[in-house]
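Structure record follows, encoded as C-alpha cells.
The values are calculated or read from the model by the stated rules, or taken from the named source; none is laboratory data. It should be emphasised that the depicted structure is a prediction, and the values quoted were computed from it without experimental measurement. Backbone-built Cβ (ideal geometry, glycine too); neighbour counts: all protein chains shown. All accessible areas refer to the heavy atoms of the entire protein, side chains included, with ligands and DNA or RNA removed. Shrake-Rupley method; radii C 1.70, N 1.55, O 1.52, S 1.80 Å.
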Amino acid sequence: MDFLIASSTENLCNLLAEDPTRQLLAGGTDFMVEVNFRHRDISGVIAIDRIKELKQWRHDGDSVLIGSCVTYKEIEQGPLSALIPALAQSARTIGSPQIRNAGTIGGNLATASPAGDMIPVLLALGAEVNVRSKSKVRQLRIDELITGVKVNSLSEDEFIESIRVPVLSGPQEFLKVGPRNAMVISVTSLAMVTDIEKKYIGIALGSVSASPCRSDEAEYFISQHIDWDSMTVQSDVIENFERLVKESASPIDDHRSSSSYRTHTVGVLARRALLRIFRLGI
Amino acid sequence: MSILEEHIASSAGIGISASRPDGKEKARGDFLFSNDLSSEDMLWGQTLRSPYPSAKIKRIDYSRALAMEGVHAILTAGDVPGENIFGLEHPDQPVLAFDVVRYVGEPVAIVAANHPEVAKKAVDAIIVDYEILEPMVDSEEAIYSDPIHPEGNVIRHLVIRHGNPDVVGSIIVEGEYEVGMQDQAFLGTESGIAFPSSDGGVNLHISTQWLHSDRDQVASALNLPNELVRVSLAGVGGAFGGREDVSMHVHLCMLAMHTGRPVKMIYDRNESFLGHVHRHPAKIWFRHHADESGLLINVEAKVILDGGAYASTTSAVLANACCFSVGPYSVPNALIEGWGVRTNNPPCGAMRGFGNVQTCFAAEAQMDKIAKALSIDPVELRLLNALETGDTLITGQEITGTAPISEVLTSLASYPLPEAGTNAILELPGGTGRTTDKSHVKRGIGYAASIKNLMFSEGFDDFSEARCIITDGEVSIQSACVEVGQGFVTLVNQIVEETLGLTEVTLLPVDTSIGSAGSTSASRQTWMSGGAVLKACEAVVDALLSDLASESGISYEKIGLSLISTDGSDSIGIVSALHGRNYDEHVTHRHHPTFPLDRNGQGDAHVSFAFAAHRAVVDVDEELGLVRVVEIATSQDVGRILNPVQAKGQIEGGVAQGLGLALLEELILVDGKIVNANFTDYLLPTAMDTPPIEIAALIEQPEPGAPFGAKGIGEPPVISSTPAIVAAIRDATALELSRVPVKPEDIALTD
C-alpha cells in the first residue's frame, strides 16, 4: 500500500495519473473515521494537506477563490468570514474546534453528504468548483459536482483544486437545526443569501434531500414580493413562501429525525432567515 | 463566604479540598489507563459478535480464519474450560454463545492474533450459519410471551403493598411515562490485558468496578480456584455502572491461557456500546391520590423495566425503581407492581441512579400534576409531603438516619433565579445553529426532588476490607477499592492525615491479594472502603496506645493528633510516636445489616438514604422544539462534606448526565439493534449544552453510623436533575412530555 505526500498540485496530478485508485486525504475528519471503522477500502493514500496552493485563498474583485484545503477554522474566523458570512456561520456549526482545525472545504464538498454544512451556502451563492487532473481542468456547479448521497462526479484521477465563491453585496444567513447546541449533524439547514445591487436572493436547503438543493420556486416567488430599496417583504406572502420552501424538500425518516419534523423546520428556518434580512412591509 | 470556600480555606485532613494524587498525571496525559498497558510479546484479542437479536447458531467454521498468517487462536463456546455462564447477581449469560444468540452484540467467538488488524480480519473470516428467529423486543409483551431464555422472561416480579391501597383521594392524577435507554458512555472504552502465569493461573489487568466479583466469575468460567485468578486494577476511564459486569474478562484470560502469551483487547467505541450493559428503558404507569390540601394518601404504580437478554442487575434495579417509586415523600398507602423482564434487546444493568432515575422522572411529573390540580406551588406541595426522620417508607422501613428534605427544598427554592434572557444568539436555543432569536423563546422553571438508597440492599452481605501498614513510621494502605474517578485515592490520604497525622501515604496496588472492597457503585465506597481505612487506622492507634501503655506503665489516650498520658505527665505527637514502629492492621468494615423484602414488599431492606433537589431554568423555542438549559441549581443532603471540590465535581458531572437523559442521550433500537452506537449520533451534552450548575446548599447533618457522618454523593445529582429539566420545559410549553429524552419534535410537532 502506498502512503504518499503530494508536494504541489502538479505533483498531485502526476501521482493520481500514475495510479488513479489512490485516495485523497485532506483533513481526514470523515476519511479516518471510515478507515477506522473499515467502511473504506484503501490501496493507496495521497496526503494533500501540505500542498501550499490548496491552502490559500484570494479575493479577486467580485469573488474569492478558496483553495480546497482551506480549513473550516480559517473560513469561520479569518477575513473570509466578512466576505462570505453565511459560509463562516456554517463552518461554526461543524464539529468541535479540533475538527474545524483539520476539516476542509474541499473535503466537505467531495464527501457529498446530504448533511454537508457548507454545501447549501455554496449552492445558494452559485459557487463554482475548479476540478483538475493531469489531462484537464474543468469547472462544475455544486449540483454538477454532488450527484447523490455521498456521491460526486469526480473521475478517479481528478481532485478539487479550488472553489470560486461570488462575493455578494447583501445580508446572508445560515441556520441549522440539530438536537444539540453544538457539534451535531444537521437535521435541517438552510442558507439564504442576497445581493442588493443585483436584486438577487438565493436559498438552499441541507439534510432534506439526497443532496443539498436549491429552493428555486420559493426564490422566484419571494423575489417578486421584495422591495430592495426599503429591504422589506410583503407580509401576506410569507405563508406561501414557507409552503414553497417546504415543497422543495423531500426528506426521509431516520434515527436523527422524522421527515415531518424536517419539513416543518425547514419552513420555519426559511421564514426566520427571510425576516432577519427583510423587514415586513405591507 | 460560601460553604465551599470555607472548606477550601481549611488546611488538612477531612473537609478540605485536598487535590487528587493522580490529578496532574491525568491532566498531562501521563496517567496509565488500561488501554495503555502492553507487554513485549503480547497478542491482540478481538470478538466476533452476533449481528442478530435472536438466532440459532447452526454451524461455526473458522478454519479459514485460523489459517490466516498471524492468527494464534480462535475459541468458541466449546473451549470455555469451566462453566460457560456468568452474571453479576445471577449467572445466566454465556461467556460465548453456544446454541443461540439473544441480542445483537452477543459474543460468539474470540480471536488472538499478532496485530489488531489481523485479529479483525480473522473475525471477518469466521463463518457462522444462523437460523434467524423473530426477536422479542417489547418489554410488555415479553411478560406473557414464549420465553427467550431457559429461565423465562420475567427476571423479577415485585409487589409492594403498603397500608390500605384501596383508599381513594379527592384529587387523582394519572399518567403513563417512558424512559429511553441511556448509556454510561464513559470515555475510556473497555480494555485489559491478561498474562498466563507459570502456576497454571492467570493475571488479569482490567478497568472495572469490582475486582473480586470479576475474579469469582472468571475463575468459575476457567474452572480455576479463585487464588489462581489474580485481578489487578488498570486505570479506569469512567464507569458509571457500566463496568460492574464482566465484559472481555473471561475472553482475555481464555486467550492468554490457550496461547501461553499475554493478550490485550481494546473495544472501539462502537463495540463498547455493544459490550456493556445500559440503563434500563422503562414503561411506568402512576395513579396518585391526594387529599384537598395536597397530602398524598395513596400511590398506585406499575413499572416495567426492559432488562434485555440477560439478568445482570435487573433484579436490584427493579427493587430500587419500586421501593423509591413515590420519591422522598411520606405515603401511607401504596400498591406498586414491578416487572424486570428479558427481551432480545441489549442487556441492561447498573447505571448511576440505579432504578431510582426511571421512577423519579415519572413520580415528579405526577407531583407537578397534583400541584397544578390544586393550584399549589410545586415546592410547597413537596414540602407538605416531605419525609422526615422517623417516617416510614412504603416498604415499611422507618427512616432512622437524617432526612433533611425540607432543608434541601427550602434552600433551593430561596436561591436567586438567573437573570432574564440573553440576546446573544449562540446562547439561545439552537446554539451554533443560529436558529433562534430572543423573540422566539419562552422561559420555564421546574423543580424535582429525589431519594437514593446508599450501599447494597435486601440482605446482601456488604463489606470492605482494608489494611493499614506502618513500617518504621511510614504508612501504606491496602484496599481493593476501585478508583473510577470518584476520589477514593484522595480520600485515603485525607483519612490517614486526619487520624494518624501522616501526610505521605502509599496506596498499595489495587488487586485481589486482599479481600473484597465491594463494588465502586451504589454511592457506597466512601462509607464502606473509607470506613474500612478509617477503622484500620484506628486499629493502628489502638495498638500504639496499648504498646505505649505496656512500655511505660502509663495509659495514653488520643486527643486530636496527640497522645496524652492519662496522668497528664506526657504528651507526644502521634507522628513521632509512630516513628520506628511497625504495625499491620487488617480490618473488615460492614454497614448494619439489611433484610429481604417480604411477599408484600415490606422490610428493612436498605441502609441509608440521601436526598437532593434540582431547579432547572430553560429557554424553549417552541416552534422548533429546541431547548437551552439556562441554569441548574441544586441542594443536596451530604451528611458531611469530606472534600468540597470533589463534591462539586460529583454534582456537576451528575447533573450533566441527568441533562443528557432529559434532552439528548438515548440508544435508539430498531428490531433490537442499536442504530446509533457512536458519538456522532449518541449525543452527550457539550459545554454549550451544560449550563452553570449552582449549588444552593449542601446540607450537613451527620448520618449516624456513617464514617465521619458522610453520605454518598455520586448518584443523587443524576436522579432529580432529569425531571427538573422536563418540568421546566412543561412550564414553558404546557405540554405533557411523558417520555425522556424529550426530542425537538416532541415539542414542535404537537398541535
Which loop-located GluC sites (Glu not before Pro) does region B:14-73 contain, where loop means any DSSP state but H, G, I, E or B and the Cβ has at most 11 other Cβ atoms within 10 Å? B:Glu40, B:Glu69
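Of the GluC sites (Glu not before Pro) in region B:268-374, which ones lie in a loop per DSSP and count no more than 15 other C-beta atoms within 10 Å? Don't skip to the end; give the middle numbers.
Numbers: sites: B:Glu271, B:Glu292, B:Glu300, B:Glu337, B:Glu364; in loops: B:Glu292.
Sites meeting the loop and neighbour criteria: B:Glu292.
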Determine the gain in length on full extension of the stretch B:Thr471-B:Asp598; use 0.36 nm per residue of separation and subtract their C-alpha separation, reporting nm with one decimal. 40.8 nm
Please compute the per residue accessible area over the protein assembly as shown with all protein chains in place, 1.4 Å probe, rounded to a whole number of Å². 37
Could you compute the FRET efficiency for B:Asp547 and B:Tyr415, with r as their C-beta to C-beta distance and R0 at 45 Å, rounded to 0.05? 0.30
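What FRET efficiency, computed as 1/(1 + (r/R0)^6) with R0 = 45 Å and r the Cβ-Cβ distance, is obtained for A:Asp254 and B:Ser406, rounded to the nearest 0.05? Don't jump to the answer; show the numbers that get you there.
Details: r = 48 Å, r/R0 = 1.06.
Given R0 = 45 Å and the Cβ-Cβ separation, E is 0.40.
Using only alpha carbon pairs under 8 Å that are at least six residues apart, calculate the relative contact order of region A:172-281 and give it in whole percent. If you can, show how the numbers build up before the last one.
Values: 181 pairs, mean separation 29.2, N = 110.
Relative contact order for region A:172-281 comes out at 27 percent.
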Have a look at region A:149-177 and report residues whose accessible surface goes down by 30 Å² or more when the remaining protein chains are included, against the chain on its own, probe 1.4 Å, ligands and DNA/RNA excluded. A:Lys176
I need the phi-derived Karplus couplings for region B:525-531: 6.51 cos²θ - 1.76 cosθ + 1.60, θ = phi - 60°, integer Hz, Gly and Pro marked x. 6, 5, 5, 7, 7, x, x
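Taking a quarter of the surface of the Cα convex hull of region A:2-166, what do you get in nm²?
On the way: hull surface 35.4 nm².
Answer in nm², one decimal: 8.9.
Scan region B:543-603 for trypsin sites (Lys or Arg not before Pro) in coil per DSSP, keeping those whose Cβ has at most 16 other Cβ atoms within 10 Å, and list them by number.
Details: sites: B:Lys558, B:Arg581, B:Arg590, B:Arg599; in loops: B:Arg581, B:Arg599.
When the trypsin sites (Lys or Arg not before Pro) of region B:543-603 are filtered for loop state and at most 16 Cβ neighbours within 10 Å, B:Arg581, B:Arg599 remain.
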If I compute solvent accessible area with a 1.4 Å probe over the protein chains, what percent of it on region A:242-282 is carbon and sulfur? 54
Can you give me the convex hull volume of the Cα atoms of the protein assembly as shown, divided per residue and expressed in Å³? 189
Amide H of B:Ser54: which non-local residues (sequence gap of 5 or more, or other chain) have their own amide H closer than 5 Å, using H built in the peptide plane? B:Leu133
Given the protein chains as shown and a 1.4 Å probe, how many square angstrom of A:Lys198 are accessible, to the nearest 10? 140
Just tell me which lysines come within less than 24 Å, Cα to Cα, of B:Lys58; anything on the same chain fewer than 8 places away is out. B:Lys120, B:Lys121, B:Lys673
Using only protein heavy atoms and a 1.4 Å probe, how much accessible area in total is buried between B and A, to the nearest 100 Å²? 2900
Which lysines, if any, have their Cα less than 27 Å from the Cα of B:Lys535, not counting same-chain residues under 8 positions apart? B:Lys452, B:Lys558, B:Lys648, B:Lys711
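Just to make sure I understand: if all protein chains stay in place, what is the order of A:Met231, B:Met455 by accessible area at 1.4 Å, largest first?
Details: A:Met231 35, B:Met455 5 Å².
Output order, biggest surface exposure first: A:Met231, B:Met455.
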Projected onto the charge dipole of the protein assembly as shown (+1 at Lys/Arg Cβ, -1 at Asp/Glu Cβ, origin at the Cα centre), which of B:Gln46, B:Pro91, A:Gly148 gives the Cα projection farthest towards the positive end? A:Gly148
When all C-alpha to C-alpha distances in chain B are sorted into bins of 20 Å, what percent of pairs does each bin hold, rounded to whole numbers? 17, 48, 31, 5, 0
Express as a percent, rounded to the nearest 5, the fraction of DSSP beta bridges in region A:172-281 (both residues included) that run antiparallel. 85
For B:Tyr52, B:Tyr177, the accessible-area ranking with a 1.4 Å probe, largest leading, is B:Tyr52, B:Tyr177
Just to check I understand the Karplus step: with θ = phi - 60° and J = 6.51 cos²θ - 1.76 cosθ + 1.60, what whole-Hz values come out for region B:543-559, glycine and proline as x? 5, 5, 4, 6, 5, 4, 5, 6, 6, 9, x, 10, 8, 10, 10, 8, 10
Under 5 Å from the placed amide H of B:Leu507, counting only residues 5+ away or on other chains, we find B:Ile477
Positive dipole terminus of region B:116-225, leading residue within B:Pro150, B:Ala194, B:Val167 (C-beta point charges): B:Ala194
Please state, rounded to one decimal and in Å, the Kirkwood hydrodynamic radius that chain A gives when every pair of distinct Cα atoms enters the mean of 1/r. 19.3
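Roughly how large, in nm² to one decimal, is the mean projection of the convex hull of the alpha-carbon atoms in region B:672-751? It would help to have the intermediate numbers written out before the result.
Details: hull surface 37.9 nm².
Its Cα hull, projected and averaged over all orientations, spans 9.5 nm².
Could you give the longest part of chain A that holds none of the GluC sites (Glu not before Pro) found in DSSP loops with at most 15 neighbouring Cβ atoms within 10 Å?
A:1-155
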With all protein chains in place and a 1.4 Å probe, B:Glu388 shows an accessible area in Å² (nearest 10) of 110
Debye log10 I(q)/I(0) at q = 0.14 Å⁻¹ for region B:422-513, Cα point scatterers: -0.70
Of the residues A:Val35, A:Val151, A:Val177, which exhibits the maximal mean-square fluctuation in a Gaussian network model of chain A defined by a 10 Å Cα contact cut-off? A:Val35
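How high is the relative contact order of chain A? Use alpha-carbon pairs under 8 Å, at least six apart in sequence, and give a whole percent. Kindly include the intermediate steps, with their values, before the conclusion.
Working: 615 pairs, mean separation 43.3, N = 282.
Result for chain A is 15 percent.
Given Cβ point charges of +1 (Lys, Arg) and -1 (Asp, Glu) and nothing else, what value in debye, to the nearest 20, does the dipole of the protein assembly as shown about its Cα centre take?
On the way: 80 positive and 134 negative charges, 450 e Å.
So the magnitude is around 2160 debye.
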What ³J(HN,Hα) values, in whole Hz, does the Karplus curve 6.51 cos²θ - 1.76 cosθ + 1.60 give for region B:269-276 when θ = phi - 60°, with x put for Gly and Pro? 4, 4, 5, 4, 5, 8, x, 9
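Nearest 500 deg cm²/dmol is fine: what mean residue ellipticity at 222 nm does chain B get from its DSSP H runs of n ≥ 4 alone, each adding -39,500 (n - 2.57), divided by its residue count? Please list the in-between numbers first.
Working: 19 runs with 193 residues, N = 751.
Computed mean residue ellipticity for chain B: -7500 deg cm²/dmol.
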Mind checking which aspartates and glutamates have their C-alpha under 15 Å from B:Lys56, skipping anything on the same chain fewer than 8 residues away? B:Asp99, B:Glu106, B:Asp129, B:Glu131, B:Glu134
For A:Asp49, solvent-accessible area (1.4 Å; no DNA, RNA or ligand), Å²: 60
For B:Gly714, residues with placed amide H under 5 Å, excluding near neighbours: none
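Enumerate lysine pairs in region A:2-166 that are 8 or more residues apart or on different chains, then count those whose Cα atoms are under 22 Å apart.
6
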Magnitude of the Cβ-charge dipole of chain B, K/R +1 and D/E -1, about the Cα centre, nearest 20 debye? 840
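Work through the residues other than B:Val587 whose Cβ is under 13 Å from its Cβ and net out their charges, Lys, Arg +1 and Asp, Glu -1.
Values: positive: B:Arg467, B:Lys535, B:Arg590; negative: B:Glu465, B:Glu538, B:Asp542, B:Asp584, B:Glu585.
Surrounding charge for B:Val587 is -2.
Mind giving me the FRET efficiency for B:Ser170 and B:Thr389? R0 is 30 Å, r the Cβ-Cβ distance, nearest 0.05 is fine. Mind dumping the intermediate values first?
Details: r = 29 Å, r/R0 = 0.97.
The calculated FRET efficiency here is 0.55.
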How large, in percent, is the carbon and sulfur part of the accessible surface of chain B at a probe radius of 1.4 Å? 51
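Of all DSSP beta bridges located in region A:2-166, what percent are antiparallel, nearest 5? Intermediate results must be reported in sequence, preceding the final value.
On the way: 22 of 29 bridges.
For region A:2-166, the DSSP antiparallel bridge percentage is about 75.
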Of A:Ile48, A:Val33, A:Gly95, which is farthest on the positive side of the dipole of region A:2-166, counting Cα position, with +1 on Lys and Arg Cβ, -1 on Asp and Glu Cβ, and the Cα centre as origin? A:Gly95
